[in-house]
Amino acid sequence: MTLAIMQPYLFPYIGYFQLLNAVDKFVIYDDVAFINRGWINRNSILNNGKAQLFTVPLKEASQNKLIHEISIDTDQKWRDKLLKTIQQNYKKAPHFAAVFPIVEAVFQQSESNISTYIYNSLTMIGEYLSISTPLVKSSTIYNNQHLKAQERILDICLQEKADHYINPIGGRELYNKDLFAEHGIQLNFIRSERVEYPQLGDEFTPWLSIIDVMMFNSKEQIQELLKAYILE
């Protein structure tokens, strides 16, 4: 079985979904410390040809808390404002009519826990993109918080009886292929190739939220973009 483990990100860039699509099971790593100004509750969309950051407000977020201990702000105003911004920026995109209801459903969900909120969003987007990889939250099953870093990742792989673990390329310096091999696990790192497609402007703005990818590409086109990576 091929496994991946990643923190929960809201509407992440396509590389996150390339990893999700490449494995047999995907662990949402939500019982680790929350990172301020990370990608858990924010990402970027297109605004007049440039990247614009959007953020889902949280309640009492702190790096002293675990991700699954944090809730979003339940006020309706930020949802309305954010959806209006997305609508204004993408209403001329070719797949707006199909994609905007999904974006709206994600932001309007009643769930307040940020981990479950993102779990639900990944499920909804996955259904649209025909990604059937099962998702599991680490806070619900592994009971190994006494372990740290590589040892904890390895333990999750062993509990899942995985024989192949794929990690984002940024973890190359953190994980040892020989150590994983000693436990019968092949370790690879996924590197996204440059993904490019027509947007509204003349110049392409790369690595935006999956919202941007879905707005400008058909499901069939996205299926091809999901394969644009290299395993190292």
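From the list ASP212, ASP163, ASP155, which one is closer than 24 Å to ASN120 by Cα, acidic (Asp, Glu) and modelled with pLDDT of 95 or more? Spell out the reasoning first.
Numbers: ASP163 fails: closer than 24 Å to ASN120 by Cα; ASP155 fails: closer than 24 Å to ASN120 by Cα.
Just one listed residue meets the conditions, ASP212.
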Report summary line: Within the stretch 156-177, residues surrounded by 18 or more Cβ atoms within 10 Å (Cβ to Cβ) and either among the polar types (S, T, N, Q) or within 21 Å of HIS146 (Cβ to Cβ) (or both) come out as ILE156, CYS157, GLU160, ALA162, TYR165, ASN167
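So which strands (runs of 3 or more DSSP E) are wholly in the stretch 1-67 and hold at least 2 residues that are closer than 19 Å to ILE166 by Cβ?
Values: elements: 2-6, 25-28, 42-47, 50-55.
Here the list reads 2-6, 25-28.
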Query raised in the report: So how many residues does the stretch 146-161 have that are more than 15 Å from GLN7 (Cα to Cα), in contact (Cβ under 8 Å) with a residue 12 or more places away in the chain and part of a helix (DSSP H, G or I)?
Result: 5
Requested in this report: For ILE230, indicate whether it is farther than 26 Å from VAL32 by Cα, touching a residue at least 40 places away in the same chain (Cβ under 8 Å) and assigned to a strand (DSSP E or B).
Outcome: yes
Query raised in the report: Any idea which of (1) surrounded by 17 or more Cβ atoms within 10 Å (Cβ to Cβ); (2) within 30 Å of ASN89 (Cα to Cα) is the one GLN223 doesn't satisfy?
Result: (1)
Query raised in the report: For the stretch 68-83, what are the residues that are of a type outside the set (D, E, K, R) and in a loop (DSSP other than H, G, I, E, B)?
Result: ILE70, THR74
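Within the stretch 44-74, count every residue that is over 20 Å from GLN108 (Cα atoms) and of a type in the set (Ser, Thr, Tyr).
1
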Query raised in the report: For the stretch 8-59, what are the residues that are among the polar types (S, T, N, Q), surrounded by fewer than 21 Cβ atoms within 10 Å (Cβ to Cβ) and modelled with pLDDT of 95 or more?
Result: SER44, GLN52, THR55
Query - Enumeration of residues in the stretch 184-210 that are open to solvent by 100 Å² or more (accessible area, probe 1.4 Å) and touching a residue at least 60 places away in the same chain (Cβ under 8 Å) - result: ASP202, GLU203, TRP207
Query raised in the report: Which is small (Gly, Ala, Ser) and in a loop (DSSP other than H, G, I, E, B), of ALA93, ALA105?
Result: ALA93
Report task. Would you check if LYS50 is among the basic types (Lys, Arg), in contact with a strand residue (DSSP E or B) (Cβ under 7 Å, 6 or more places away or on another chain) and in contact (Cβ under 8 Å) with a residue 12 or more places away in the chain? Result -> no
Requested in this report: Find the residue count for the stretch 70-97, including only residues that are surrounded by 13 or more Cβ atoms within 10 Å (Cβ to Cβ) and either among the basic types (Lys, Arg) or without any contact (Cβ under 8 Å) to a residue 24 or more places away in the chain (or both).
Outcome: 4
Query raised in the report: Failed condition for ALA181, given (1) free of Cβ contacts under 8 Å to residues at least 12 places away in the same chain; (2) of a type outside the set (D, E, K, R); (3) open to solvent by less than 10 Å² (accessible area, probe 1.4 Å), with all others met?
Result: (3)
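The values are calculated or read from the model by the stated rules, or taken from the named source; none is laboratory data. None of the values given here were measured: they were computed from a predicted structure. Positions of Cβ are generated from backbone atoms using ideal geometry, with glycine treated the same way; all protein chains shown enter the neighbour counts. Just so you know, the surface numbers come from the protein's heavy atoms only, side chains and all, with ligands and any DNA or RNA stripped out. Shrake-Rupley method; radii C 1.70, N 1.55, O 1.52, S 1.80 Å.
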